[in-house]
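Presented below is the structure to which this report refers.
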Amino acid sequence: MLRKQSTVCVVWLWLLVFAILPGCGGAQTRFAVRDHYSKSEVSIAMRDGTKLYTVIFTPKDASRSYPILMERTPYSVPYGPDNFPGSLGPSAHFAESGYIVVYQDVRGRYMSEGEYVNMRPQLGSKHGKTEIDESTDTYDTIDWLIHHVPHNNGRVGMWGISYPGFYAAVGAINAHPALKAVSPQAPIADWFLGDDDHHNGAFYLMDNFSWDFDSRFDWPRSGPSRSQAPTGLRYNSNDAYEFYLNLGPLANANARYFHNGVPFWNELMEHGTYDAYWKARNLLPHIKDIKPAMLTVGGWFDAEDFYGPLHIFKTIERASPKTENFLVVGPWPHGGWAGGDRSSFGDIPFGSATGATYRDEIEFPFFNHYLKDEGEWKEAKARVFVTGSNQWRSFDVWPPRDRKLQSLYFSTAHTLSSASPNKATALGGDESYVSDPAKPVPYIATVSRNTRRDSNYMIADQRFAAERPDVLTYKTEPLDKDMTVVGPITADLFVSTTGTDSDWIVKVIDVYPADAPDTESATGRTRMADYQMLVRADVMRGKFRNSFEKPEPFVPGKPTRIKFDLPDVAHTFRKGHRLMVQVQSSWFPLVDRNPQTFLDIAKATAADFHPATQRLFHTAAYPSRIILGTR
C-alpha cells in the first residue's frame, strides 16, 4: 500500500492526488467543486463514545436526493471551511453527476479521537455493545450519515486505494444495510504472506525501512491534530544498494537510526513468523456473507498490494457466493488507475488509455448502477487487461475455467520445455551457483538515489541479472504461435543449499526477438531488440517452505522441494518471443539479505552471514519446473 512509500515529496503528494483528490490526475475539468457543493466538518460519535472527524461535501442543488460516497483514510482529509479539492470521489465524474462525498479520518489518525492500530484486528460478528473494530466504526458512521445528512437517497458506497482500500473492504464486513456498493482498490489482506511487509515470509526491506524512517504513522500522539510532527530522523544516500548493504544486519537499523523509537519497526522485528500478531491482521477469514456489491481493483504491476485484491476477490467468490462480486485488473502500478491515461508503464506501451477506460467504462457505471439505478451494469465477473497482446478481456470466472495447465521443465542446456527429465535424456542433472550475502543480486539495474523502492522493477528489462553468475537462466525456443498465460504461476523446484536457510526468487520473463521494433512510452524511445520484460516474480523464504508458523532449517546438501505460487498474470507471449525463467537467491535491497543460516534474522549479527552453494536439480527424481495456465 502507499504507506510504504511515505515521504513528503512522494507519498503524501501521491495520496492526495490518487486517494483524496483523484480528479487532479485525470482529465482536466472546468467544473468548480466550491461553486456546486457545500462543505461541513463534523465529529461523529462511535458506539464507545470516540469521535471521528468527518468532512461532508453536499450538492447545493436541493431539488433531488443523492447517494453518499465515502472514503475512510489514515492519510488526512481536506481540513478547513475554504479547503475545496479540485474533484470529489474516485474521479471527476462523481462531483459533476451529483454525489454526497464524505471523507473521514480513521480512529486515532489526524483529527479523529482514539488510538490508532495498524490493520486493526476484526472482532467478528459477536462482540459487546461498546467493543469496536473498523467494521463497527464504518457501520456507526453510515448510520449517522443517512440520518443526519439532508437529501441523501439512503444508499451509500465506499471506495479507497491502498490503506483506504483496506478500510473499504472492512466496511463490507457486517455491513450497514444502507451500504450497497464497495470498491476496495489495492486493498491489504495479509501483511505476512503477500502484501507490503512480507512476501511468503521474506521481509521487504526497502518498503519497511523507508516507511518507518520517514513517517510518524503509528507513533504515540498527544491528541487529534491536522498535522503530524516529523520524525527528526535523517540519512544521506546516493545509492540505495550501497546504503542498505552498509546497513548490515537488520538489528543495525535500531542501533544506528531508529533507537527503538519506531513502534511498527519494533513490531516487525518481534514477529518474524506467522504468529498470532499477523494472523489477527489477516482480513480474509472475516470476508463472508458480504451484502454490498463489490468491485475489487488491482494492477498487474502493483509493487505493494496485489496479493490483497486477488485474494479478497477469490475469498468472496468462495465464502460469499451470493455476493455480486467483480474484479478489474489493468496494467498499472499501485493506484495508477486513478489518474492519467496510463497508456504505458516503464518502457512498455499498452496501445490505449487504460486508466481512462477503467474510470469511464467500469468504475463510474458501477457506482451509478448500484447507488442511483442509472445505466446498465453489464460487466462480466472479471475484466482484465492482457499485456503482450494489449487487450481488455472479460471472463465469467477468474482464473478462466478453460485454462490448461502446462509444465515447463528446466534442463542443463538452460532450456525450458514440456519434456520432463528422464534417465534416457542427456538434459537431466543439476546446476549450482554461489549466493554471497556480501554481493546480493540487485532488484533493478538502475541506481536508486534514495532509500525508496523503484516500482518500475515490476516490468523492467532483466538482462542485467541474466549476466550474473549467481542467477540461473532458462528459456524456451522462439514460440511458433502466441501463448497467453492466465492465473497464478507455480514454481516447483528441487534444490539444495550448503547453508541451513536460503531465499528462492523465481522470475518469469518475456524475451523479445532480435528484430523487435523500438517502442515509444512515457520513458521515451526504447530499443526492444532482445529486451527481457519482467512479467512476474516472487520470493519464498526457504525456512517457511512447509509452514509459515514453524520454520524449518535445510539439511545442508539434501535435495528439498520448494513449491509456491507467483501472483496471477494475464500476459500473451507473442509468436517469435521466448519465455524465460530466472532463479536466484537474493533480490536486494527489495528483500532483506538472508544470512543463509537458520535463525531469527532480526537478531542476526554480521558473523551469521555466509556464502552458500545453491543447487537446482532437474532429473527424473527431482524434476524442477514451472506450471502455467494457458489458453
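The values are calculated or read from the model by the stated rules, or taken from the named source; none is laboratory data. A quick note: this is a predicted structure, and the numbers were derived from the prediction, not measured. In this analysis, Cβ positions are derived from the backbone assuming ideal geometry, glycine residues included, and neighbour counts consider all displayed protein chains.
Among the listed residues L245, L268, which satisfies the condition of being in a helix (DSSP H, G or I) and in contact with a Pro (Cβ under 8 Å, 6 or more places away or on another chain)?
When all the criteria are applied, what remains is L245.
Go through the residues of the stretch 234-251 one by one and say whether even a single one is without any contact (Cβ under 8 Å) to a residue 40 or more places away in the chain and over 21 Å from F203 (Cβ atoms).
Yes, because at least one residue in the stretch 234-251 is without any contact (Cβ under 8 Å) to a residue 40 or more places away in the chain and over 21 Å from F203 (Cβ atoms).
Of everything in the stretch 489-530, what is in a strand (DSSP E or B), more than 18 Å from S389 (Cα to Cα) and of a type in the set (S, T, N, Q)? Give them in sequence order.
T490, S496, T497, T526 - these are the residues of the stretch 489-530 that are in a strand (DSSP E or B), more than 18 Å from S389 (Cα to Cα) and of a type in the set (S, T, N, Q).
Of all residues in the stretch 89-127, count the ones that are over 30 Å from D197 (Cα atoms), out of contact with any Asp or Glu (no Cβ under 9 Å at 6 or more places or on another chain) and in a loop (DSSP other than H, G, I, E, B).
Final tally of qualifying residues: 1.
Please indicate, with yes or no, whether at least one residue in the stretch 147-159 is in contact with an Asp or Glu (Cβ under 9 Å, 6 or more places away or on another chain), under 30 Å from S547 (Cβ atoms) and in contact (Cβ under 8 Å) with a residue 40 or more places away in the chain.
There is no residue in the stretch 147-159 that is in contact with an Asp or Glu (Cβ under 9 Å, 6 or more places away or on another chain), under 30 Å from S547 (Cβ atoms) and in contact (Cβ under 8 Å) with a residue 40 or more places away in the chain.
Could you please find all residues in the stretch 288-298 being in a loop (DSSP other than H, G, I, E, B) and either under 26 Å from R359 (Cα atoms) or in contact with a strand residue (DSSP E or B) (Cβ under 8 Å, 6 or more places away or on another chain) (or both)?
I290, K291, P292
Looking at the stretch 305-323, is at least one residue without any contact (Cβ under 8 Å) to a residue 12 or more places away in the chain, closer than 30 Å to K603 by Cα and either of a type outside the set (K, R) or crowded, with 24+ Cβ neighbours inside 10 Å (or both)?
For the stretch 305-323, residues without any contact (Cβ under 8 Å) to a residue 12 or more places away in the chain, closer than 30 Å to K603 by Cα and either of a type outside the set (K, R) or crowded, with 24+ Cβ neighbours inside 10 Å (or both): absent.
Residue check, G86 against (1) buried (at least 16 other Cβ atoms within 10 Å of the Cβ); (2) at pLDDT 95 or above; (3) out of contact with any strand residue (DSSP E or B) (no Cβ under 7 Å at 6 or more places or on another chain), all met but one. Which one?
(2) is the only condition that G86 fails.
Taking the stretch 589-631 only, how many residues are closer than 18 Å to V508 by Cα and hydroxyl-bearing (S, T, Y)?
Count: 2.
Go through the stretch 109-131 residue by residue and tally those that are out of contact with any strand residue (DSSP E or B) (no Cβ under 9 Å at 6 or more places or on another chain) and surrounded by fewer than 20 Cβ atoms within 10 Å (Cβ to Cβ).
Total satisfying the criteria: 14.
Can you find even one residue in the stretch 149-165 that is touching a helix residue (DSSP H, G or I) at 6+ places or on another chain (Cβ under 9 Å), assigned to a loop (DSSP other than H, G, I, E, B) and either buried (at least 24 other Cβ atoms within 10 Å of the Cβ) or not small (G, A, S) (or both)?
yes
Is it true that some residue in the stretch 197-215 is among the polar types (S, T, N, Q), part of a helix (DSSP H, G or I), touching a Ser or Thr at 6+ places or on another chain (Cβ under 6 Å) and not assigned by TED's automatic domain parsing to the domain that holds R541?
Yes: the stretch 197-215 contains one or more residues that are among the polar types (S, T, N, Q), part of a helix (DSSP H, G or I), touching a Ser or Thr at 6+ places or on another chain (Cβ under 6 Å) and not assigned by TED's automatic domain parsing to the domain that holds R541.
Given (1) touching a residue at least 40 places away in the same chain (Cβ under 8 Å); (2) among the basic types (K, R); (3) out of contact with any Lys or Arg (no Cβ under 8 Å at 6 or more places or on another chain); (4) more than 30 Å from Y358 (Cβ to Cβ), where does K439 come up short, assuming only one miss?
Condition (1) is where K439 drops out.
Here is a check on your reading of the model: is V486 β-branched (V, I, T), in contact (Cβ under 8 Å) with a residue 60 or more places away in the chain and either part of a loop (DSSP other than H, G, I, E, B) or surrounded by fewer than 20 Cβ atoms within 10 Å (Cβ to Cβ) (or both)?
No; evaluated as a whole, the condition is false for this residue.
If I filter the stretch 227-239 for residues that are part of a helix (DSSP H, G or I) and outside the structural domain of A602 (by TED's automatic domain parsing), do I get at least one hit?
Scanning the stretch 227-239 turns up no residue that is part of a helix (DSSP H, G or I) and outside the structural domain of A602 (by TED's automatic domain parsing).
I'd like to verify a number: residues in the stretch 36-75 that are in a loop (DSSP other than H, G, I, E, B), farther than 18 Å from F367 by Cβ and small (G, A, S), how many?
3
If D373 meets every condition in (1) loosely packed, with under 15 Cβ neighbours inside 10 Å; (2) within 19 Å of G487 (Cα to Cα) apart from one, which number is that one?
It fails just one condition, (2).
If you check E361 against the conditions, is it at pLDDT below 95, surrounded by fewer than 18 Cβ atoms within 10 Å (Cβ to Cβ) and in the same structural domain as V297 (by TED's automatic domain parsing)?
no
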